[in-house]
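Q: I am attaching a structure below and will ask some questions about it afterwards.
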Amino acid sequence: MILLALESSAESSSVAIWQNSMILSYQIIEAKFGHAERIITQVHKALKQAKLDLDEIDFFVGGRGPGSFTGIRTCLAAITGFSIATGKGYYGVNGLSALGFSCYNKLTNDGGYDDKIVIFAITDTRRGSYYCQEFNREIEVQNNIEDLSLEHLQIKVNYLIKSGYIVKIYGPFAKRYDIFNGDRGNSTKVQYFMEQLNAAHIAKYAAWQLQNKGYCSPATPLYLAPPIIKRQINK
């Protein structure tokens, strides 16, 4: 099975090609804007790097959010077009699930996972809150994504700590010990992993889903809040 994955829901656009548990090629460009203009060129470069033609791809997968309204549409429109052109299947992937899966794999590969660890995959909503998805046993993920204020995130994490859990917070942010009011007593029980979602995460999680469950999510946008439309005020 060969997967071509795209991700452009945040401040980068990336492409990855996966086969037999390996990333054959990877392309990423860090930029806030212009994903739609770049991503097809990135696909061509990734195919060339992997020495593959487009019709050799078995499935096309793309990040469906949460994230930028325009970036998500760009990614899913591209894989839909590739699917139409080749007749191959296409799917969407929840970016927070892909991040949580990545964190789980790293912990298990390092021998650092046990049943007292809770993984929070989170990302900043840019509205004064965080999207959060919890993984609490192996890779059993909650279906719901929560939109939590900083206060509610603190309450949730501190409750788990008092219940005897260690919390791993995983997402695209710098280390933020101030998130929990500088509570140094919890510093060993709250650990932070800086990780920016990219197409390699999307590819690996989609491959696991297809191999173990036989399906992925549909390629529909995962919009958790309406887009903010700025109106021009005529003077």
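Q: For the range 63-81, state whether one or more residues are of a type in the set (Val, Ile, Thr) and either in contact with a Cys (Cβ under 8 Å, 6 or more places away or on another chain) or at positive phi (or both).
A: no
Q: Tell me, yes or no, whether the range 71-89 has at least one residue that is without any contact (Cβ under 8 Å) to a residue 60 or more places away in the chain and buried (at least 24 other Cβ atoms within 10 Å of the Cβ).
A: No, because not a single residue in the range 71-89 is without any contact (Cβ under 8 Å) to a residue 60 or more places away in the chain and buried (at least 24 other Cβ atoms within 10 Å of the Cβ).
Q: Kindly list the number of the only condition in (1) modelled with pLDDT of 90 or more; (2) within 19 Å of Glu195 (Cα to Cα); (3) polar (S, T, N, Q) that fails for Ser163.
A: Going through (1) modelled with pLDDT of 90 or more; (2) within 19 Å of Glu195 (Cα to Cα); (3) polar (S, T, N, Q) one by one, Ser163 breaks only (2).
Q: One residue is enough: does the range 13-27 have a residue meeting the conditions in contact with a His (Cβ under 6 Å, 6 or more places away or on another chain) and outside the structural domain of Cys132 (by TED's automatic domain parsing)? Show your work before the answer.
A: Start the filter on the range 13-27 by keeping residues that are in contact with a His (Cβ under 6 Å, 6 or more places away or on another chain), which leaves 13.
Okay, now just the ones that are also outside the structural domain of Cys132 (by TED's automatic domain parsing), so 13.
Within the range 13-27, one or more residues are in contact with a His (Cβ under 6 Å, 6 or more places away or on another chain) and outside the structural domain of Cys132 (by TED's automatic domain parsing).
Q: List pairs: first in the range 104-115 and not assigned by TED's automatic domain parsing to the domain that holds Lys204, second surrounded by 15 or more Cβ atoms within 10 Å (Cβ to Cβ) and in a helix (DSSP H, G or I), Cβ under 7 Å, 6+ apart or cross-chain?
A: Correct list of pairs: Tyr113/Tyr104; Tyr113/Leu107.
Q: How do the pairs read when you match residues in the range 23-36 that are within 16 Å of Thr70 (Cβ to Cβ) and in contact (Cβ under 8 Å) with a residue 40 or more places away in the chain with residues anywhere that are assigned to a helix (DSSP H, G or I) and of a type outside the set (S, T, N, Q), using Cβ under 7 Å and keeping only pairs 6 or more apart or on different chains?
A: His35/Gly71
The values are calculated or read from the model by the stated rules, or taken from the named source; none is laboratory data. Note that the structure is predicted; figures quoted are calculated from it, not measured. Cβ: placed from backbone, ideal geometry, glycine included. Neighbour counts: every protein chain shown.
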